[in-house]
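The values are calculated or read from the model by the stated rules, or taken from the named source; none is laboratory data. Keep in mind that this is a model prediction, so the values were computed, not measured. Ideal geometry is used to build each Cβ from the backbone, glycine not excepted, and the neighbour counts take in all protein chains shown.
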Amino acid sequence: MQVCDKHWQPRPACADPRLRAWLLDAGSLTARLTACCRDFNVRVLREGCARAGSEERALFGMRRTGPLLGRDVILQCGAVPLVYAHSVIHAADLRGPWRAIAGIGTRPLGATLFADPRIERGPLAFRRLAQGHPLYCAAARALDATLPPLWARRSLFSLRRAPLLVTEAFLPQIISLPRTGIGTNDA
């Protein structure tokens, strides 16, 4: 499945250089955040039935029937929010290939995704989110704050051909973290 479209691009054009290393690193974001922050934690905002947004429908293969489940979390260093993360999966796949993530709670999804060698990650796609975009609005609501435009990335993970879409919106405070553990692939 192709993750790029007219809005989501293969490179984060014009992104702040301090943010580019975070955006372009194809490794585990959870591992990178844990390396930078001793008090890394996951604040679960919502888990349950989800409606795919217009950008997600075609990407996620909405011709397949059945309900979707979504999970929205804030990845934090202590109480400092760093990333708003949104994931979507077909509900039936939680009883099948993705049963290891059912009831994950406050455990980071990334720890599971990068621990299983059978899980394949597709290419990253990038987008700048402005006011009015559903993910921007969700992040602003969760933080009860007005935010500047946010850079986001998304990718499809696949386990036995069952897709899991993960989108990460990087919050302004992330650039204050040290670059420890961050790759320097600024291609």
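In the set Ala52, Ala15, only one residue is modelled with pLDDT under 85 and either touching a strand residue (DSSP E or B) at 6+ places or on another chain (Cβ under 7 Å) or on the phi > 0 side of the Ramachandran plot (or both); that residue is Ala52. Taking the stated definitions as given, is Ala140 under 28 Å from Lys6 (Cα atoms) and among the hydrophobic types (A, V, I, L, M, F, W, C)? It is true that Ala140 is under 28 Å from Lys6 (Cα atoms) and among the hydrophobic types (A, V, I, L, M, F, W, C).
The set of residues in segment 75-107 that are assigned to a strand (DSSP E or B) and among the small types (Gly, Ala, Ser) comprises Ala85, Ser87. Restricting attention to segment 167-187, the residues being modelled with pLDDT under 95 and hydrophobic (A, V, I, L, M, F, W, C) number 4.
Take Leu59 and decide whether it is modelled with pLDDT under 85 and in contact with a Phe, Trp or Tyr (Cβ under 9 Å, 6 or more places away or on another chain). Working first, answer last.
On the way: modelled with pLDDT under 85: yes; in contact with a Phe, Trp or Tyr (Cβ under 9 Å, 6 or more places away or on another chain): yes.
Considered against the rule, which asks whether it is modelled with pLDDT under 85 and in contact with a Phe, Trp or Tyr (Cβ under 9 Å, 6 or more places away or on another chain), Leu59 comes out as yes.
Looking across segment 130-148, the residues that are within 24 Å of Pro17 (Cβ to Cβ), modelled with pLDDT under 95 and surrounded by 13 or more Cβ atoms within 10 Å (Cβ to Cβ) come down to His133, Leu135. Of the residues making up segment 102-136, those that are free of Cβ contacts under 8 Å to residues at least 24 places away in the same chain, closer than 19 Å to Gly70 by Cα and among the hydrophobic types (A, V, I, L, M, F, W, C) number 1.
Restricting the first member to segment 169-187 and to residues that are under 29 Å from Pro134 (Cα atoms) and of a type in the set (S, T, N, Q), and the second to residues that are in a helix (DSSP H, G or I) and modelled with pLDDT of 55 or more, no beta-carbon pair is closer than 6 Å while six or more apart or on different chains.
Scan segment 71-96 for residues that are surrounded by fewer than 19 Cβ atoms within 10 Å (Cβ to Cβ), within 22 Å of Glu56 (Cβ to Cβ) and touching a residue at least 24 places away in the same chain (Cβ under 8 Å) and report the count. Of the residues in segment 71-96, 4 are surrounded by fewer than 19 Cβ atoms within 10 Å (Cβ to Cβ), within 22 Å of Glu56 (Cβ to Cβ) and touching a residue at least 24 places away in the same chain (Cβ under 8 Å).
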